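The values are calculated or read from the model by the stated rules, or taken from the named source; none is laboratory data. Since the model is a prediction, treat every value here as computed from it, not as a measurement. Methodologically, a virtual Cβ is constructed for each residue, glycine included, from the backbone with ideal geometry; neighbour enumeration extends over all protein chains shown. The area values use the complete protein model at the heavy-atom level, side chains included, leaving out ligands, DNA and RNA. Shrake-Rupley method; radii C 1.70, N 1.55, O 1.52, S 1.80 Å.
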Amino acid sequence: MTFREDGQAALEWAARYLEHVNELPVLARVAPGELTAQLPASPPEQGEPFANVLRDLDELIVPALTNWQHPRFFAYFAVTASEPGILAELLAASLNQVAIVWRASPASTELELRVVDWVRQLLGLPEGWHGHIEDTASTSTLAALIAARHVTGRNVVVCSEHAHSSVEKDARMLGMELRKVPADEELAMRTDGLDLSDVAAVVATVGTTSFASVDPVRDLAERAHAAGAWLHVDAAYAGSSWILEEERWSMDGVELADSLVVNPHKWLLVPMDCSLLWTSRPEEFREAFTLTPEYLRTADDAFALADYGPALGRRFRSLKLWAVLRCYGAEGLRAMHREHIRLARLFADLVEADPDWELAAPLRFSLVVFRRRGSDEENERILERANASGEIFLSHTRLNGRYVLRLAIGNARTTEEDVRLAWEVLNR
(Lines give C-alpha, C1' and ligand atoms only; values in the text may rest on other atoms or scores of the structure.)
Protein backbone atom coordinates (compact mmCIF):
# COMPACT_ATOMS: atom_id res chain seq x y z
CA MET A 1 0.00 0.00 0.00
CA THR A 2 1.03 3.62 -0.49
CA PHE A 3 1.67 6.27 2.15
CA ARG A 4 -1.73 7.81 1.37
CA GLU A 5 -3.54 4.49 1.73
CA ASP A 6 -1.74 3.61 4.94
CA GLY A 7 -2.34 7.13 6.21
CA GLN A 8 -6.05 6.89 5.53
CA ALA A 9 -6.16 3.56 7.33
CA ALA A 10 -4.29 5.01 10.32
CA LEU A 11 -6.59 8.03 10.48
CA GLU A 12 -9.62 5.73 10.29
CA TRP A 13 -8.16 3.65 13.11
CA ALA A 14 -7.61 6.76 15.25
CA ALA A 15 -11.12 8.07 14.59
CA ARG A 16 -12.65 4.71 15.41
CA TYR A 17 -10.64 4.49 18.64
CA LEU A 18 -11.82 7.92 19.79
CA GLU A 19 -15.42 7.12 18.87
CA HIS A 20 -15.43 3.89 20.87
CA VAL A 21 -12.91 4.54 23.66
CA ASN A 22 -15.78 4.90 26.16
CA GLU A 23 -16.62 1.23 25.53
CA LEU A 24 -13.16 0.06 26.63
CA PRO A 25 -12.02 -0.56 30.21
CA VAL A 26 -10.47 2.62 31.56
CA LEU A 27 -7.69 0.83 33.45
CA ALA A 28 -5.61 -1.79 31.62
CA ARG A 29 -6.56 -5.36 32.56
CA VAL A 30 -3.18 -7.00 32.08
CA ALA A 31 -0.53 -8.30 34.45
CA PRO A 32 3.03 -6.96 34.42
CA GLY A 33 4.97 -8.60 31.61
CA GLU A 34 1.88 -9.91 29.83
CA LEU A 35 2.38 -7.74 26.74
CA THR A 36 6.13 -8.43 26.72
CA ALA A 37 5.44 -12.16 26.55
CA GLN A 38 3.39 -11.63 23.38
CA LEU A 39 6.02 -9.57 21.55
CA PRO A 40 8.83 -11.20 19.54
CA ALA A 41 12.09 -11.31 21.43
CA SER A 42 14.06 -10.25 18.32
CA PRO A 43 13.48 -7.56 15.70
CA PRO A 44 12.11 -8.61 12.29
CA GLU A 45 14.54 -9.38 9.47
CA GLN A 46 12.11 -8.47 6.69
CA GLY A 47 9.77 -5.51 6.56
CA GLU A 48 6.03 -5.92 7.00
CA PRO A 49 3.02 -4.00 5.69
CA PHE A 50 1.82 -1.14 7.88
CA ALA A 51 -1.52 -2.97 8.02
CA ASN A 52 0.17 -5.51 10.30
CA VAL A 53 1.02 -2.72 12.73
CA LEU A 54 -2.63 -1.62 12.84
CA ARG A 55 -3.71 -5.22 13.33
CA ASP A 56 -1.37 -5.62 16.29
CA LEU A 57 -2.55 -2.33 17.73
CA ASP A 58 -5.97 -3.92 18.06
CA GLU A 59 -4.80 -7.33 19.19
CA LEU A 60 -1.80 -6.51 21.41
CA ILE A 61 -1.49 -2.84 22.28
CA VAL A 62 -5.06 -1.70 23.00
CA PRO A 63 -5.73 -4.49 25.53
CA ALA A 64 -2.63 -3.28 27.43
CA LEU A 65 -3.64 0.39 27.39
CA THR A 66 -4.85 2.45 30.28
CA ASN A 67 -7.10 4.70 28.25
CA TRP A 68 -6.26 8.29 29.12
CA GLN A 69 -8.67 9.44 26.39
CA HIS A 70 -11.60 7.74 28.19
CA PRO A 71 -14.30 10.12 29.49
CA ARG A 72 -14.26 8.29 32.85
CA PHE A 73 -10.51 8.58 33.37
CA PHE A 74 -10.53 10.48 36.68
CA ALA A 75 -7.07 9.54 38.02
CA TYR A 76 -3.99 11.75 38.47
CA PHE A 77 -4.91 14.82 36.38
CA ALA A 78 -7.22 13.78 33.54
CA VAL A 79 -6.09 14.99 30.12
CA THR A 80 -7.28 15.19 26.52
CA ALA A 81 -5.46 14.93 23.22
CA SER A 82 -7.95 16.81 21.05
CA GLU A 83 -8.46 16.12 17.36
CA PRO A 84 -6.72 19.32 16.12
CA GLY A 85 -3.73 18.51 18.33
CA ILE A 86 -3.61 14.91 17.09
CA LEU A 87 -3.61 16.01 13.45
CA ALA A 88 -0.95 18.63 14.19
CA GLU A 89 1.24 15.89 15.69
CA LEU A 90 1.01 14.04 12.38
CA LEU A 91 2.02 17.18 10.51
CA ALA A 92 4.87 17.89 12.92
CA ALA A 93 6.20 14.37 12.42
CA SER A 94 5.90 14.83 8.66
CA LEU A 95 7.90 18.06 8.75
CA ASN A 96 10.41 16.54 11.22
CA GLN A 97 11.90 19.85 12.27
CA VAL A 98 14.90 19.90 14.62
CA ALA A 99 15.07 23.44 16.00
CA ILE A 100 18.61 23.47 17.35
CA VAL A 101 19.16 27.07 16.22
CA TRP A 102 16.95 29.58 14.42
CA ARG A 103 18.17 28.83 10.89
CA ALA A 104 17.68 25.08 11.46
CA SER A 105 13.95 25.81 11.74
CA PRO A 106 12.83 29.44 11.59
CA ALA A 107 9.16 28.40 11.54
CA SER A 108 9.40 26.16 14.61
CA THR A 109 11.35 28.77 16.55
CA GLU A 110 9.19 31.78 15.75
CA LEU A 111 5.84 29.98 15.97
CA GLU A 112 6.85 28.72 19.42
CA LEU A 113 7.63 32.22 20.62
CA ARG A 114 4.36 33.56 19.21
CA VAL A 115 1.95 30.88 20.46
CA VAL A 116 3.49 30.78 23.93
CA ASP A 117 2.92 34.51 24.05
CA TRP A 118 -0.71 33.93 22.98
CA VAL A 119 -1.13 31.69 26.01
CA ARG A 120 0.54 34.32 28.20
CA GLN A 121 -2.11 36.79 27.08
CA LEU A 122 -4.97 34.30 27.59
CA LEU A 123 -3.82 33.61 31.16
CA GLY A 124 -3.34 37.28 32.03
CA LEU A 125 0.40 37.05 32.67
CA PRO A 126 2.65 40.14 32.52
CA GLU A 127 4.00 41.49 29.25
CA GLY A 128 7.69 41.10 28.54
CA TRP A 129 8.08 37.58 29.89
CA HIS A 130 10.06 35.18 27.72
CA GLY A 131 8.31 31.87 27.15
CA HIS A 132 9.24 28.64 25.43
CA ILE A 133 8.18 24.97 25.41
CA GLU A 134 9.76 22.08 27.30
CA ASP A 135 8.47 18.50 27.37
CA THR A 136 7.10 18.30 30.93
CA ALA A 137 6.93 20.33 34.13
CA SER A 138 9.71 18.15 35.54
CA THR A 139 12.07 19.55 32.90
CA SER A 140 10.68 23.09 33.21
CA THR A 141 11.27 23.09 36.96
CA LEU A 142 14.73 21.57 36.44
CA ALA A 143 15.58 24.47 34.12
CA ALA A 144 14.28 26.97 36.69
CA LEU A 145 16.42 25.47 39.44
CA ILE A 146 19.48 25.54 37.19
CA ALA A 147 18.87 29.22 36.47
CA ALA A 148 18.28 29.96 40.15
CA ARG A 149 21.54 28.31 41.17
CA HIS A 150 23.41 30.13 38.40
CA VAL A 151 22.02 33.53 39.43
CA THR A 152 22.26 33.17 43.21
CA GLY A 153 25.31 30.97 43.60
CA ARG A 154 23.42 29.08 46.29
CA ASN A 155 22.43 25.43 46.58
CA VAL A 156 19.20 25.18 48.61
CA VAL A 157 15.67 24.59 47.30
CA VAL A 158 12.59 25.25 49.44
CA CYS A 159 9.12 23.93 48.71
CA SER A 160 5.93 22.80 50.43
CA GLU A 161 5.58 19.29 51.82
CA HIS A 162 2.84 18.93 49.17
CA ALA A 163 4.96 20.11 46.21
CA HIS A 164 5.24 17.79 43.21
CA SER A 165 7.83 15.03 43.49
CA SER A 166 9.67 16.50 40.49
CA VAL A 167 11.01 19.28 42.73
CA GLU A 168 12.70 16.72 44.96
CA LYS A 169 13.92 14.70 42.00
CA ASP A 170 15.29 17.78 40.21
CA ALA A 171 17.09 18.91 43.36
CA ARG A 172 18.56 15.42 43.77
CA MET A 173 19.81 15.34 40.16
CA LEU A 174 21.43 18.75 40.62
CA GLY A 175 22.99 17.87 43.97
CA MET A 176 20.99 20.64 45.65
CA GLU A 177 19.73 20.52 49.22
CA LEU A 178 15.92 20.30 49.52
CA ARG A 179 13.99 21.71 52.47
CA LYS A 180 10.30 20.87 52.70
CA VAL A 181 8.10 23.31 54.60
CA PRO A 182 5.00 22.14 56.49
CA ALA A 183 1.58 23.18 55.21
CA ASP A 184 -1.17 25.00 57.10
CA GLU A 185 -4.80 23.96 57.57
CA GLU A 186 -5.53 25.02 53.96
CA LEU A 187 -2.72 22.69 52.79
CA ALA A 188 -0.67 25.69 51.63
CA MET A 189 3.00 26.26 52.45
CA ARG A 190 3.52 28.04 55.76
CA THR A 191 5.61 31.21 55.65
CA ASP A 192 5.97 32.07 59.34
CA GLY A 193 9.57 31.84 60.49
CA LEU A 194 10.80 31.01 56.99
CA ASP A 195 14.55 31.69 56.72
CA LEU A 196 15.60 32.07 53.09
CA SER A 197 18.99 33.68 53.61
CA ASP A 198 20.89 30.78 52.02
CA VAL A 199 18.22 29.67 49.57
CA ALA A 200 18.67 29.55 45.79
CA ALA A 201 15.04 28.88 44.85
CA VAL A 202 11.63 28.82 46.45
CA VAL A 203 9.10 26.69 44.53
CA ALA A 204 5.53 27.81 45.11
CA THR A 205 2.74 25.55 43.84
CA VAL A 206 -0.60 26.66 42.44
CA GLY A 207 -2.67 23.48 42.34
CA THR A 208 -0.74 20.77 44.19
CA THR A 209 -1.00 17.28 42.75
CA SER A 210 -2.64 15.65 45.73
CA PHE A 211 -5.07 18.37 46.81
CA ALA A 212 -4.96 21.27 44.29
CA SER A 213 -3.97 23.53 47.17
CA VAL A 214 -2.47 26.95 46.49
CA ASP A 215 0.65 28.29 48.16
CA PRO A 216 0.78 32.01 49.18
CA VAL A 217 2.71 33.12 46.10
CA ARG A 218 2.78 36.85 46.87
CA ASP A 219 4.14 36.38 50.39
CA LEU A 220 6.68 33.82 49.20
CA ALA A 221 7.80 36.05 46.32
CA GLU A 222 8.33 39.03 48.60
CA ARG A 223 10.25 36.95 51.14
CA ALA A 224 12.32 35.24 48.44
CA HIS A 225 13.33 38.45 46.74
CA ALA A 226 14.14 40.16 50.02
CA ALA A 227 16.53 37.28 50.71
CA GLY A 228 18.01 37.28 47.19
CA ALA A 229 16.34 33.98 46.24
CA TRP A 230 14.58 32.97 43.01
CA LEU A 231 10.82 32.37 43.03
CA HIS A 232 9.58 29.60 40.71
CA VAL A 233 5.85 28.92 40.44
CA ASP A 234 4.64 25.43 39.55
CA ALA A 235 1.14 25.92 38.09
CA ALA A 236 1.43 22.94 35.74
CA TYR A 237 -2.18 21.85 36.33
CA ALA A 238 -4.10 24.83 37.69
CA GLY A 239 -2.43 27.60 35.69
CA SER A 240 -4.59 26.81 32.66
CA SER A 241 -7.67 27.81 34.68
CA TRP A 242 -6.48 31.42 34.61
CA ILE A 243 -8.11 31.57 31.20
CA LEU A 244 -11.23 32.21 33.35
CA GLU A 245 -11.45 35.56 35.12
CA GLU A 246 -13.25 33.92 38.05
CA GLU A 247 -10.31 31.54 38.66
CA ARG A 248 -7.62 34.21 38.77
CA TRP A 249 -7.85 34.38 42.55
CA SER A 250 -5.18 31.67 42.53
CA MET A 251 -2.66 33.74 40.56
CA ASP A 252 -2.29 36.42 43.23
CA GLY A 253 1.40 37.31 43.28
CA VAL A 254 2.33 35.28 40.19
CA GLU A 255 3.35 38.51 38.46
CA LEU A 256 6.29 38.61 40.91
CA ALA A 257 7.63 35.20 39.85
CA ASP A 258 11.06 34.77 38.32
CA SER A 259 9.81 31.71 36.43
CA LEU A 260 6.53 29.90 35.92
CA VAL A 261 5.41 26.59 34.41
CA VAL A 262 1.96 25.74 32.98
CA ASN A 263 1.21 22.51 31.07
CA PRO A 264 -1.25 22.80 28.15
CA HIS A 265 -1.10 18.99 27.87
CA LYS A 266 -2.90 18.83 31.21
CA TRP A 267 -5.91 21.10 30.76
CA LEU A 268 -5.75 22.86 27.38
CA LEU A 269 -6.48 19.89 25.07
CA VAL A 270 -2.91 19.62 23.73
CA PRO A 271 -1.49 16.09 23.30
CA MET A 272 1.36 15.05 25.57
CA ASP A 273 3.94 16.59 25.80
CA CYS A 274 3.80 20.40 25.96
CA SER A 275 5.02 22.34 29.00
CA LEU A 276 5.26 26.15 28.88
CA LEU A 277 8.06 27.81 30.83
CA TRP A 278 8.16 31.58 31.24
CA THR A 279 10.75 33.75 32.91
CA SER A 280 10.64 37.41 33.84
CA ARG A 281 14.48 37.43 33.82
CA PRO A 282 15.29 36.16 30.32
CA GLU A 283 18.82 37.50 30.08
CA GLU A 284 19.92 35.79 33.28
CA PHE A 285 18.06 32.64 32.26
CA ARG A 286 19.89 32.69 28.93
CA GLU A 287 23.25 33.10 30.66
CA ALA A 288 22.64 29.87 32.55
CA PHE A 289 22.11 27.80 29.40
CA THR A 290 23.98 29.40 26.50
CA LEU A 291 26.70 27.18 25.12
CA THR A 292 27.18 27.42 21.37
CA PRO A 293 29.73 25.15 19.68
CA GLU A 294 31.47 26.46 16.59
CA TYR A 295 29.43 24.34 14.19
CA LEU A 296 26.25 26.09 15.38
CA ARG A 297 27.51 29.66 15.42
CA THR A 298 25.56 31.98 13.12
CA ALA A 299 24.85 35.67 12.85
CA ASP A 300 21.19 35.08 13.65
CA ASP A 301 21.51 32.95 16.82
CA ALA A 302 19.60 35.40 19.05
CA PHE A 303 16.46 33.31 18.54
CA ALA A 304 18.04 30.00 19.58
CA LEU A 305 15.58 28.53 22.11
CA ALA A 306 18.18 25.97 23.17
CA ASP A 307 19.73 28.90 25.07
CA TYR A 308 16.81 28.81 27.53
CA GLY A 309 16.75 25.18 28.61
CA PRO A 310 18.60 21.85 28.85
CA ALA A 311 17.77 20.42 25.41
CA LEU A 312 19.51 21.27 22.15
CA GLY A 313 17.27 19.42 19.71
CA ARG A 314 13.67 20.60 19.88
CA ARG A 315 10.54 19.06 18.35
CA PHE A 316 7.93 21.18 16.56
CA ARG A 317 5.66 21.17 19.65
CA SER A 318 4.28 24.62 18.95
CA LEU A 319 2.38 23.31 15.92
CA LYS A 320 -0.11 21.33 18.03
CA LEU A 321 -0.55 24.21 20.49
CA TRP A 322 -1.16 26.55 17.55
CA ALA A 323 -3.74 24.16 16.06
CA VAL A 324 -5.64 23.78 19.35
CA LEU A 325 -5.72 27.52 20.04
CA ARG A 326 -6.98 28.27 16.54
CA CYS A 327 -9.57 25.49 16.34
CA TYR A 328 -11.08 25.98 19.80
CA GLY A 329 -10.41 29.65 20.39
CA ALA A 330 -10.42 31.23 23.83
CA GLU A 331 -14.21 30.93 23.91
CA GLY A 332 -14.17 27.15 23.43
CA LEU A 333 -11.43 26.62 25.98
CA ARG A 334 -13.21 28.75 28.56
CA ALA A 335 -16.43 26.80 28.04
CA MET A 336 -14.57 23.53 28.62
CA HIS A 337 -12.99 24.80 31.85
CA ARG A 338 -16.29 26.04 33.22
CA GLU A 339 -17.96 22.71 32.46
CA HIS A 340 -15.19 20.71 34.18
CA ILE A 341 -15.38 22.92 37.25
CA ARG A 342 -19.18 22.54 37.27
CA LEU A 343 -18.89 18.74 37.08
CA ALA A 344 -16.40 18.71 39.95
CA ARG A 345 -18.84 20.78 42.02
CA LEU A 346 -21.62 18.34 41.13
CA PHE A 347 -19.58 15.37 42.37
CA ALA A 348 -18.55 17.23 45.52
CA ASP A 349 -22.23 17.98 46.22
CA LEU A 350 -23.04 14.27 45.92
CA VAL A 351 -20.31 13.50 48.45
CA GLU A 352 -21.44 16.18 50.89
CA ALA A 353 -25.09 15.14 50.68
CA ASP A 354 -24.30 11.55 51.72
CA PRO A 355 -23.60 11.00 55.45
CA ASP A 356 -21.47 7.95 54.60
CA TRP A 357 -18.96 10.07 52.66
CA GLU A 358 -16.96 13.24 53.31
CA LEU A 359 -14.80 15.75 51.48
CA ALA A 360 -11.21 15.38 52.70
CA ALA A 361 -9.97 18.70 51.26
CA PRO A 362 -11.62 21.86 49.93
CA LEU A 363 -12.85 21.67 46.35
CA ARG A 364 -10.49 23.56 44.08
CA PHE A 365 -10.49 23.79 40.28
CA SER A 366 -11.68 20.41 38.94
CA LEU A 367 -10.27 18.09 41.63
CA VAL A 368 -12.40 16.45 44.32
CA VAL A 369 -10.59 14.84 47.27
CA PHE A 370 -12.91 12.67 49.37
CA ARG A 371 -13.29 9.44 51.32
CA ARG A 372 -15.89 7.12 52.74
CA ARG A 373 -16.28 7.48 56.48
CA GLY A 374 -14.50 4.40 57.75
CA SER A 375 -11.10 2.80 57.79
CA ASP A 376 -8.26 3.30 55.34
CA GLU A 377 -8.55 -0.37 54.42
CA GLU A 378 -12.20 0.07 53.44
CA ASN A 379 -11.41 3.08 51.24
CA GLU A 380 -8.56 1.21 49.59
CA ARG A 381 -10.81 -1.78 48.86
CA ILE A 382 -13.49 0.51 47.38
CA LEU A 383 -10.94 2.11 45.05
CA GLU A 384 -9.47 -1.22 43.99
CA ARG A 385 -12.89 -2.70 43.20
CA ALA A 386 -14.07 0.42 41.37
CA ASN A 387 -10.95 0.52 39.20
CA ALA A 388 -11.11 -3.23 38.56
CA SER A 389 -14.64 -2.80 37.19
CA GLY A 390 -13.17 -1.06 34.14
CA GLU A 391 -15.95 1.53 34.31
CA ILE A 392 -13.91 4.26 36.01
CA PHE A 393 -10.32 4.95 37.06
CA LEU A 394 -9.48 7.04 40.14
CA SER A 395 -6.26 7.49 42.08
CA HIS A 396 -5.56 8.12 45.76
CA THR A 397 -3.28 10.03 48.07
CA ARG A 398 -2.81 10.46 51.82
CA LEU A 399 -3.75 13.42 53.98
CA ASN A 400 -2.54 13.52 57.56
CA GLY A 401 -1.87 9.80 57.26
CA ARG A 402 -5.39 8.97 56.04
CA TYR A 403 -6.11 7.21 52.75
CA VAL A 404 -8.20 9.52 50.56
CA LEU A 405 -9.58 9.26 47.03
CA ARG A 406 -9.09 11.73 44.17
CA LEU A 407 -11.47 12.38 41.27
CA ALA A 408 -9.96 14.73 38.70
CA ILE A 409 -12.00 16.00 35.77
CA GLY A 410 -10.11 17.17 32.70
CA ASN A 411 -11.23 15.11 29.72
CA ALA A 412 -13.12 17.02 27.02
CA ARG A 413 -15.49 14.07 26.51
CA THR A 414 -16.54 13.75 30.18
CA THR A 415 -20.25 14.40 30.72
CA GLU A 416 -22.52 14.69 33.72
CA GLU A 417 -23.62 11.13 33.04
CA ASP A 418 -20.01 9.94 33.43
CA VAL A 419 -19.66 11.75 36.76
CA ARG A 420 -22.91 10.32 38.10
CA LEU A 421 -21.84 6.84 36.98
CA ALA A 422 -18.59 7.24 38.93
CA TRP A 423 -20.60 8.00 42.06
CA GLU A 424 -22.82 4.98 41.42
CA VAL A 425 -19.84 2.65 40.94
CA LEU A 426 -18.14 3.85 44.13
CA ASN A 427 -21.29 3.30 46.15
CA ARG A 428 -21.91 -0.07 44.55
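Here are some notes:
- Highest to lowest packing among 319-330, 122-133, scored as the average C-beta count within 10 Å: 319-330, 122-133
- Rounded FRET efficiency, nearest 0.05, which uses the C-beta distance separating Glu294 from Arg248 and R0 of 51 Å: 0.60
- For segment 274-380, the normalised intensity computed at q = 0.18 Å⁻¹ comes to -0.95 (log10 of I(q)/I(0), Debye sum over alpha carbons, equal scatterers, no solvent).
- By average C-beta atoms within 10 angstrom, highest first, the peptides 8-18, 204-214, 247-257: 204-214, 247-257, 8-18
- Applying Stokes-Einstein at 25 °C and 0.890 mPa s to the Kirkwood radius of segment 199-336, computed over alpha-carbon pairs, gives a translational diffusion coefficient of 147 µm² s⁻¹.
- Computed FRET value (nearest 0.05) for Cys327 with Val53, which takes r as the C-beta separation and R₀ as 30 Å: 0.60
- Charge sum, other residues only, whose C-beta stays under 11 Å from Arg120's C-beta, Lys/Arg counted +1 and Asp/Glu -1: -1
- Spacing of the modelled spin labels on Glu222 and Leu399, each 7 Å from Cα toward Cβ, amounts to 2.9 nm.
- Dividing the summed -39500 (n - 2.57) terms of all DSSP H runs of n ≥ 4 by the residue count of the chain sets its mean residue ellipticity at 222 nm at -12500 deg cm²/dmol.
- Across all Cα atoms of segment 1-105, the radius of gyration (one decimal) and Dmax (whole number) stand at 16.8, 48 Å.
- With protein chains left intact and a 1.4 Å probe, residues in segment 118-270 average 34 Å² of accessible area per residue.
- Near-label residues of segment 88-124 by backbone N, under 12 Å of a point 7 Å along Cα→Cβ of Leu11: 88, 90-91
- DSSP bridge analysis restricted to segment 123-265 gives an antiparallel fraction near 10%, rounded to the nearest 5.
- In this simple spin-label approximation, Ile61 and Arg172 carry label points 7 Å from Cα along the Cα→Cβ vector, and these lie 3.1 nm apart.
- The distance separating the Cα centre of segment 214-261 from that of segment 345-399 comes to 29 Å.
- Taking Cβ atoms as reference points and 12 Å as the exclusive limit, the residues near Val233 contribute a net charge of -4, counting Lys and Arg as +1 and Asp and Glu as -1.
- Beta bridges by DSSP in the chain, antiparallel share as percent, to the nearest 5: 60 percent
- Tail weight of P(r) past 22 Å, computed on alpha-carbon pairs of segment 40-184, percent: 66 percent
- The chain, Cα convex hull volume normalised per residue, Å³: 167 Å³
- Across segment 356-428, counting alpha-carbon atoms alone, Rg and Dmax equal 11.9, 34 Å.
- Radius 12 Å from Cβ of Asn52, net charge of other residues (Lys, Arg +1; Asp, Glu -1): -4
- Whichever lysines have a C-alpha closer than 28 Å to that of Lys320, once near sequence neighbours (fewer than 8 apart) are set aside: Lys266
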